[in-house]
Amino acid sequence: MRSDNPEVYAKAQFNIGAILRKQNNNEGALLAWRNVERSDDVDSYTRAQFSIANTLSENGKEDVSLSILRSIKRSDGCEIYSKAQFNIGCSLSDKGDVQGALLAWNSIERSDNLETYARAKIRIGFFIREKTRL
């Protein structure tokens with residue numbers, strides 16, 4: 001129960017969601033992840049939000065997914081923030097919003113997560129190369 005230990009409860013709910021997702025039980029996973037509150041454990045909360053956003057995106061709910069990803073702040077954790085910004089950029093790029101995509105990818109700093117930073121720079125380079133070809 002949450003009242004026993006909110007941090008352990010949050011981690012358990014996140015893990016339950018992950019297991020249900022692997023079993024293709026998206027509704028169950030979403031329910032478990034939605035049980036995690038920021039006040040329980042920030043790390044579990046942001047990971048749950050990221051997972052909710054990815055699941056919704058895969059099920060055609062891009063606008064809700066983007067809103068959730070945008071709620072993840074660098075102060076919540078640099079690594080999850082960088083992954084959220086990368087996914088925002090990819091989603092906006094797919095929608096044709098190149099400017100928004102570039103802004104999201106440019107917001108990722110090297111110190112956030114080196115791999116995600118490099119992936120974002122590759123995407124930015126791709127758009128610059130395409131623009132110079134026109």
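Putting +1 on Lys and Arg Cβ atoms and -1 on Asp and Glu Cβ atoms, find which of Asn106, Ser91, Phe126 reaches farthest to the positive end of the dipole of the chain.
It is Phe126, whose Cα lies furthest towards the positive end.
Of the listed pairs Lys95/Lys131; Lys73/Lys95; Lys22/Lys121; Lys11/Lys83; Lys73/Lys131, which have alpha-carbon separations greater than 25 Å here?
Working: Lys95/Lys131 17 Å; Lys73/Lys95 23 Å; Lys22/Lys121 31 Å; Lys11/Lys83 20 Å; Lys73/Lys131 30 Å.
In this structure, Lys22/Lys121; Lys73/Lys131 lie more than 25 Å apart at Cα.
Taking all protein chains together and a probe of 1.4 Å, list Ser75, Ser67 from the most accessible to the least accessible. Before the final figure, lay out the partial values.
On the way: Ser75 110, Ser67 75 Å².
Per-residue accessible area, sorted high to low, gives Ser75, Ser67.
For region 78-134, run through the GluC sites (Glu not before Pro) and keep only the ones in DSSP coil with at most 16 other Cβ atoms within 10 Å of their Cβ.
Numbers: sites: Glu79, Glu109, Glu115, Glu130; in loops: Glu109.
Here the sparse-neighbourhood loop sites are Glu109.
What range in the chain is the longest one free of trypsin sites (Lys or Arg not before Pro) that are in a loop by DSSP and have at most 15 other Cβ atoms within 10 angstrom? Walk me through the numbers on the way to the answer.
Numbers: sites that count: Arg38, Lys61, Lys73, Lys95, Arg110.
Here the longest run is 1-37.
Treat every Asp and Glu Cβ in the chain as -1 and every Lys and Arg Cβ as +1, leave all other atoms uncharged, and give the resulting dipole magnitude about the Cα centre to the nearest 20 debye.
On the way: 20 positive and 18 negative charges, 107 e Å.
Charge dipole of the chain: 520 debye, to the nearest 20.
If I take the Cα coordinates of the chain and project them onto the principal axes, what are the three extents in Å, biggest first?
59, 31, 21
With only Lys, Arg, Asp and Glu charged, each at its Cβ (+1 for the first two, -1 for the last two), find how big the charge dipole of region 95-134 is about the Cα centre; round to the nearest 20 debye.
Working: 8 positive and 5 negative charges, 48 e Å.
Roughly 220 debye for region 95-134.
If you roll a 1.4 Å probe over the chain with all protein chains in place, what percent of the accessible area is carbon or sulfur? It would help to have the intermediate numbers written out before the result.
Numbers: 4020 of 7840 Å².
Result for the chain: 51 percent of the exposed heavy-atom area is carbon or sulfur.
The values are calculated or read from the model by the stated rules, or taken from the named source; none is laboratory data. Just so it is clear, the model here is predicted, and its values are computed rather than measured. Positions of Cβ are backbone-derived with ideal geometry, glycine not excepted, and every protein chain shown enters the neighbour counts. Just so you know, the surface numbers come from the protein's heavy atoms only, side chains and all, with ligands and any DNA or RNA stripped out. Shrake-Rupley method; radii C 1.70, N 1.55, O 1.52, S 1.80 Å.
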